[in-house]
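S.K.: Below is the structure I would like to discuss, written out as structure tokens.
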């Protein structure tokens, strides 16, 4: 999750809390609960200041101060209006928000983001508030319908907080797993599938009833080491990335097999492997690679093999590899099948 998105969520949270306190201000003003009228005025001003902290990306301060404000506010609300109003349930929900804030802080590598250590403070506040309401009468008694309304409102707010946080955790975990899977199966430089992905793909081909319709091609860039030695590795990377783009062929899967080698897997169709690969070889041969003011010329040698009965994965790859070396020995820039 990006810092920009975290700031947006923080703005939304601060805005939501601001609206809640504005509503509480008018309610307690109507019922003349003066301590909570002034307390909510303070909270309204507090969250206006929080917008400034968020804008300055002082997210640690925002989380810490917001926790302290909510904790103190809930204690005072319970003290003045009693346990029946249901404020105490928010002290449990705030622990979930603390866990979420710590998760985000760690994801963004923010210092001092151990927010979950504040959770025991909420538990102590919960117990102390309960003890106080048992030992002394409530200073302000509100109508029963307002108590019921408060309980429903706080329950709904807590439900939304829990649902929101858990949904983000699920989304984050799923996204992280997808990212890890993608990184494990794709080449970091070229962005196309890597050897790990293709090895699994080749194994799956053997379980197909039409497996003998598949062909495999190993491509090696001719004299690639000269490019690196002459123009540097950045030039070599540029060539590899460009080649990977040129190998994007409909109906054919390509991967970076290793170094300057690529591997293609295709299936028998309207065009033969030789026709497809000849077009690829010619496209690379004709391509004008431009690097640092120099026009470079690249060729490739390709070894091809059909998947024949009795072969395993190693045999299939080895056959194509043998044809590749035959092509190299015959003068390069050619296809041997």
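S.K.: Can you find even one residue in the range 282-298 that is modelled with pLDDT under 95 and within 30 Å of residue 207 (Cβ to Cβ)?
M.R.: Checked against the condition, which is being modelled with pLDDT under 95 and within 30 Å of residue 207 (Cβ to Cβ), the range 282-298 yields no hits at all.
S.K.: Would you please name the residue that is farthest from the chain's Cα centre (by Cα), looking only at residues in the range 25-38 that are surrounded by 15 or more Cβ atoms within 10 Å (Cβ to Cβ) and farther than 15 Å from residue 143 by Cα?
M.R.: 35
S.K.: Moving to a separate point now. Working carefully through the options 261, 308, find the one that is within 37 Å of the chain's Cα centre (by Cα) and surrounded by fewer than 18 Cβ atoms within 10 Å (Cβ to Cβ).
M.R.: Answer to the check: 261.
S.K.: Could you check the range 47-57 and list, in sequence order, the residues that are surrounded by 14 or more Cβ atoms within 10 Å (Cβ to Cβ) and either free of Cβ contacts under 8 Å to residues at least 24 places away in the same chain or not assigned by TED's automatic domain parsing to the domain that holds residue 8 (or both)?
M.R.: 53
S.K.: Any residue at all in the range 228-248 that is within 15 Å of residue 269 (Cα to Cα) and exposed (fewer than 14 other Cβ atoms within 10 Å of the Cβ)?
M.R.: no
S.K.: Just to be sure before I move on: is residue 332 touching a strand residue (DSSP E or B) at 6+ places or on another chain (Cβ under 9 Å) and either part of a loop (DSSP other than H, G, I, E, B) or surrounded by fewer than 14 Cβ atoms within 10 Å (Cβ to Cβ) (or both) in the structure I sent?
M.R.: yes
S.K.: Within the range 173-186, identify whether any single residue is modelled with pLDDT of 90 or more and surrounded by 15 or more Cβ atoms within 10 Å (Cβ to Cβ), and answer yes or no.
M.R.: Within the range 173-186, one or more residues are modelled with pLDDT of 90 or more and surrounded by 15 or more Cβ atoms within 10 Å (Cβ to Cβ).
S.K.: A further question on this structure: With the requirement that a residue be outside any strand (DSSP E or B), farther than 21 Å from residue 309 by Cα and touching a strand residue (DSSP E or B) at 6+ places or on another chain (Cβ under 7 Å), what does the range 210-226 give you?
M.R.: Within the range 210-226, 222 is the sole residue that qualifies.
S.K.: Evaluate the following for residue 31: is it touching a residue at least 40 places away in the same chain (Cβ under 8 Å), assigned by TED's automatic domain parsing to the domain that holds residue 179 and farther than 30 Å from residue 178 by Cα?
M.R.: Yes: the conditions hold for residue 31.
S.K.: In the range 146-190, how many are more than 30 Å from residue 93 (Cβ to Cβ), out of contact with any helix residue (DSSP H, G or I) (no Cβ under 7 Å at 6 or more places or on another chain) and in contact (Cβ under 8 Å) with a residue 24 or more places away in the chain?
M.R.: Residues in the range 146-190 being more than 30 Å from residue 93 (Cβ to Cβ), out of contact with any helix residue (DSSP H, G or I) (no Cβ under 7 Å at 6 or more places or on another chain) and in contact (Cβ under 8 Å) with a residue 24 or more places away in the chain: 1 in total.
S.K.: Is it fair to say residue 251 is assigned by TED's automatic domain parsing to the domain that holds residue 285, within 27 Å of residue 282 (Cβ to Cβ), assigned to a loop (DSSP other than H, G, I, E, B) and free of Cβ contacts under 8 Å to residues at least 40 places away in the same chain?
M.R.: yes
Yes or no, residue by residue, for (1) in contact with a strand residue (DSSP E or B) (Cβ under 9 Å, 6 or more places away or on another chain); (2) assigned to a loop (DSSP other than H, G, I, E, B); (3) at pLDDT 85 or above:
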{"site": "92", "(1), (2), (3)": "no, no, yes"}
{"site": "96", "(1), (2), (3)": "no, no, yes"}
{"site": "99", "(1), (2), (3)": "no, no, yes"}
{"site": "103", "(1), (2), (3)": "no, no, no"}
{"site": "112", "(1), (2), (3)": "no, yes, no"}
{"site": "119", "(1), (2), (3)": "no, no, yes"}
{"site": "125", "(1), (2), (3)": "no, no, yes"}
{"site": "130", "(1), (2), (3)": "no, no, yes"}
{"site": "137", "(1), (2), (3)": "no, yes, yes"}
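S.K.: Another one. Go through (1) buried (at least 20 other Cβ atoms within 10 Å of the Cβ); (2) in a loop (DSSP other than H, G, I, E, B) for residue 302 and report which single condition fails.
M.R.: Exception for residue 302: condition (2).
The values are calculated or read from the model by the stated rules, or taken from the named source; none is laboratory data. It should be emphasised that the depicted structure is a prediction, and the values quoted were computed from it without experimental measurement. Cβ coordinates were reconstructed from backbone atoms using ideal geometry, including for glycine residues, and neighbour counts include every protein chain displayed.
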